[in-house]
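Just below is one structure, and these are the notes that go with it.
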Amino acid sequence: MKKVLLINPPFNVSKDNYDSSISVGLLSIATYLDWQGESVQIIDGVRQKDYLEIFQNEIKQAKIACFSVMTMQIPQALALSKLTRELNPSCKIVWGGSHPTFFSEETVKHDSIDVVAPGEGEITISELALGKKLDEIKGIVYKKDGRIIVNQSQELIDPSKSPLFNWELEPREILEKLYLIPTLTSRGCPHRCTFCINAILKNHWRPRTAEQVLEDIKIIKSKEYFSGKNLRFWDENFFVDINRAKRVINGMIDKDLIIPWETTIRANYIKEGMVDDDFMSKLKKSGCYLLSFGAESGSQIVLDKIKKDVTPDEILKAAKQCLKHDIIPQFSFMVGIPGELKKDMKLTLKLIDRLVKLSDKVQILGPQAFRPYPGSELYLECVKSGWSEPKTLDEWSHLVENQLNYLSIKNFNWVKHKDYVESIEAYVRFGAHSIKSAMGSTIKAQRFLKLGFILFCKLRWKLKFFAFPFDYKLAKRFVMK
């Protein structure tokens with residue numbers, strides 16, 4: 001029986017900590033295909049050192065090679081797709097993932113790609129594996145007689161009617177290295193943030209039942225290779241249905257399924273009638289140790305522009321409530337949004353300062369530079385500024401070579417203070433926290449070089465002076481390699 005190979009290509013630049021995580025999307029598709037009776041194998045070029053040898057051995061007998069591709073994986077994904085053509089010309093090459101989802105027609109034009117499967121891939125890949133004719137399969141883009149055919153969109157999957165993860169389909173070496181056990185209790189999000197992939201793709205919120213979630217936790221706790229590890233509910237928004245969330249948490253407590261866990265939540269959910277003091281106490285009792293918030297900005301003008309529907313005061317209140325119940329509050333921020341002024345960015349830094357002064361337990365991610373995704377309102381503003389993205393897959397491949405992030409800030413016409421935007425994340429990361437915390441970062445560098453840069457960052461943070469980032473530019477060359 002010929003296999004379906006699900007391939008996670010390496011990134012163009014090595015990334016720290018990726019070997020201690022997992023590709024949740026590929027595991028979900030693999031589980032679904034296995035449930036449908038297909039022979040399926042995951043090959044993870046990010047986390048398996050001998051992935052290329054495995055790939056070369058397995059591709060010869062594969063009927064479909066499915067590549068999950070983020071923008072920073074394009075160079076390696078193209079190389080593996082070309083190798084597939086050489087080793088198994090009859091194998092159908094399918095690309096999915098975030099980049100092909102946003103640039104479907106541009107992606108499928110490439111000679112090394114047969115089909116693009118935008119969005120969620122379980123149903124689509126299953127139908128491809130069954131051998132259905134391309135014109136009968138929803139949710140694909142393909143070539144025919146020199147033309148690009150875009151089929152009708154595929155229905156979104158219903159998690160409550162889909163199997164729980166089959167962990168045995170994941171390479172054992174990856175499971176043993178996991179830092180966090182990821183599982184999904186829901187998909188999508190009902191909110192309207194203009195920068196978010198879910199809002200762009202209209203991925204409405206779809207949950208598993210509380211009973212399914214509890215069964216999933218029971219299975220996870222039974223696995224020897226997960227012993228002593230923490231769990232993350234990898235949902236976009238775990239608390240949308242507060243009654244379902246309460247049934248899950250109460251079930252964890254009542255059924256002795258307590259495990260250290262973390263998940264995402266919105267700041268405006270921390271209120272009476274939703275995640276209040278009583279429920280926060282139960283979260284802590286069930287094992288919750290961290291709640292992650294997308295704070296995004298300290299400027300109400302920016303928050304309104306991106307339709308976040310939260311306020312800086314709600315963000316501060318959320319932090320205080322978490323700390324009150326001994327739960328770590330983690331906040332992510334971004335800067336460089338079209339129309340954002342320097343005074344707005346300073347308000348973000350002011351809010352971060354207020355948060356970190358509450359407790360050294362507060363965690364800050366970013367502020368990362370905003371990067372545009374096609375289909376969003378903000379993307380149109382970026383285009384109006386004179387910016388345009390590459391037009392072919394090969395151009396994308398060349399653009400991201402030796403880059404750490406999706407798109408470079410230096411090419412963003414809408415960002416007026418480019419050095420400020422690019423350097424501010426480092427100044428927060430190393431300046432706003434304790435020296436011990438900063439030294440524990442994943443940046444690989446000699447200790448004295450890292451310490452020297454941290455001290456510069458601490459001084460800048462104390463003075464709130466972030467202009468002329470000469471130290472950041474030096475650190476980028478010699479410290480943050």
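Values quoted throughout were computed directly from the atomic coordinates according to the rules given, and no laboratory measurement underlies them. Remember, predicted model here, so these are calculated numbers, not experimental data. Cβ coordinates were reconstructed from backbone atoms using ideal geometry, including for glycine residues, and neighbour counts include every protein chain displayed.
Can you put 70, 252, 280 in order, fewest other beta carbons within 10 Å first?
Numbers: 70 16, 252 24, 280 19.
So the residues, fewest neighbours to most, are 70, 280, 252.
Highest first, please rank the peptides 349-361, 329-341 by the mean number of other Cβ atoms sitting within 10 Å of their residues.
On the way: 349-361: 16.6, 329-341: 21.5.
Ranked from most to least packed, the peptides come out as 329-341, 349-361.
Along the charge dipole of the chain, which of 258, 359, 189 sits closest to the positive end, that is, farthest toward it, with unit charges on the beta carbon of Lys, Arg, Asp and Glu (+1, +1, -1, -1)?
Farthest towards the positive pole: 359.
Could you calculate the contour length gain from residue 464 to residue 180, that is, 0.36 nm times the residue separation minus the distance between their Cα atoms, to one decimal place in nm?
98.7 nm
Taking the Cα-to-Cβ direction at residue 85 and at residue 2 and moving 7 Å from each Cα, how far apart do the two end points lie in nm?
Result for the modelled spin labels: 1.9 nm.
Nearest 0.05, what FRET efficiency do residue 241 and residue 332 give at R0 = 25 Å with Cβ-Cβ as r? Walk me through the intermediate numbers first.
Working: r = 23 Å, r/R0 = 0.93.
My answer for the efficiency is 0.60.
With +1 assigned to the C-beta of every Lys and Arg and -1 to the C-beta of every Asp and Glu, and no other charges, what is the dipole magnitude of the chain about the Cα centre in debye, to the nearest 20?
Working: 71 positive and 59 negative charges, 341 e Å.
Taking the Cα centre of the chain as origin, the dipole is about 1640 debye.
Rg/Rh for segment 179-379 to two decimals, with Rh computed the Kirkwood way over all alpha-carbon pairs.
0.98
List 433, 99 from most exposed to least, where exposure is judged by having the fewest other Cβ atoms within 10 Å.
Values: 433 22, 99 25.
Arranged by neighbour count, lowest to highest, 433, 99 become 433, 99.
Which FRET efficiency, nearest 0.05, do residue 256 and residue 276 yield, Cβ-Cβ r, R0 35 Å? Numbers along the way, then the final one.
Values: r = 25 Å, r/R0 = 0.71.
After rounding, the FRET efficiency stands at 0.90.
Hand me the chymotrypsin sites (Phe, Trp or Tyr not before Pro) from segment 127-179 located in a DSSP loop with no more than 13 other Cβ atoms within 10 Å, in residue order please. All intermediate terms of the calculation are to be shown ahead of the outcome.
Numbers: sites: 142, 165, 167, 179; in loops: 165, 179.
Those that pass, being in a loop and sparsely packed, are 179.
Give me 24, 46, 115 ranked fewest to most by other Cβ atoms within 10 Å of their Cβ, as a rough exposure proxy.
24, 46, 115
Which value results when the Cα radius of gyration for the chain is divided by 2.2 N^0.38 Å? Please list the in-between numbers first.
On the way: Rg = 22.8 Å, N = 481, 2.2 N^0.38 = 23.0 Å.
That ratio works out to 0.99.
What FRET efficiency would be calculated for the residue pair residue 70, residue 49, taking the C-beta separation as r and a Förster radius of 25 Å, to the nearest 0.05? It would help to have the intermediate numbers written out before the result.
Working: r = 20 Å, r/R0 = 0.81.
After rounding, the FRET efficiency stands at 0.80.
Could I have the simple spin-label model distance between residue 136 and residue 323, label points 7 Å from Cα toward Cβ, reported in nm to one decimal?
6.2 nm
Just to confirm my numbers, what's the Cα centroid distance between segment 71-117 and segment 451-472 in Å?
43 Å
Sum up the charges of everything whose Cβ sits under 11 Å from the Cβ of residue 422, counting Lys and Arg as +1 and Asp and Glu as -1, but leave residue 422 out. Spell out each step's value before the answer.
Numbers: positive: 410, 418, 473, 476; negative: 419, 425.
Taking every other residue near residue 422 into account, the sum is +2.
What's the magnitude of the charge dipole for segment 3-144 around its Cα centre, counting Lys and Arg as +1 and Asp and Glu as -1 at the beta-carbon? Answer in Debye, nearest 20. Kindly include the intermediate steps, with their values, before the conclusion.
On the way: 15 positive and 18 negative charges, 72 e Å.
The dipole magnitude comes to about 340 debye.
Need one word for segment 3-144: rounded, prolate or oblate. Basis is the Cα gyration tensor (sqrt eigenvalues a ≥ b ≥ c); a/c below 1.5 gives rounded, then a/b vs b/c decides. Working shown, then result.
On the way: a/c = 1.35, a/b = 1.25, b/c = 1.08.
The shape class here is rounded.
Could you tell me the distance between the Cα centroids of segment 292-366 and segment 245-282, to the nearest Å?
Measuring centre to centre over Cα atoms gives 22 Å.
How far apart, in nm, are two points set 7 Å out from the Cα along the Cα-to-Cβ line at residue 145 and at residue 173?
Inter-label distance under the simple model: 4.8 nm.
Positive end of the charge dipole of the chain (Lys, Arg +1 and Asp, Glu -1 on Cβ, about the Cα centre): tell me which of 213, 129, 267 has its Cα farthest that way.
About the Cα centre, the residue reaching furthest to the positive side is 267.
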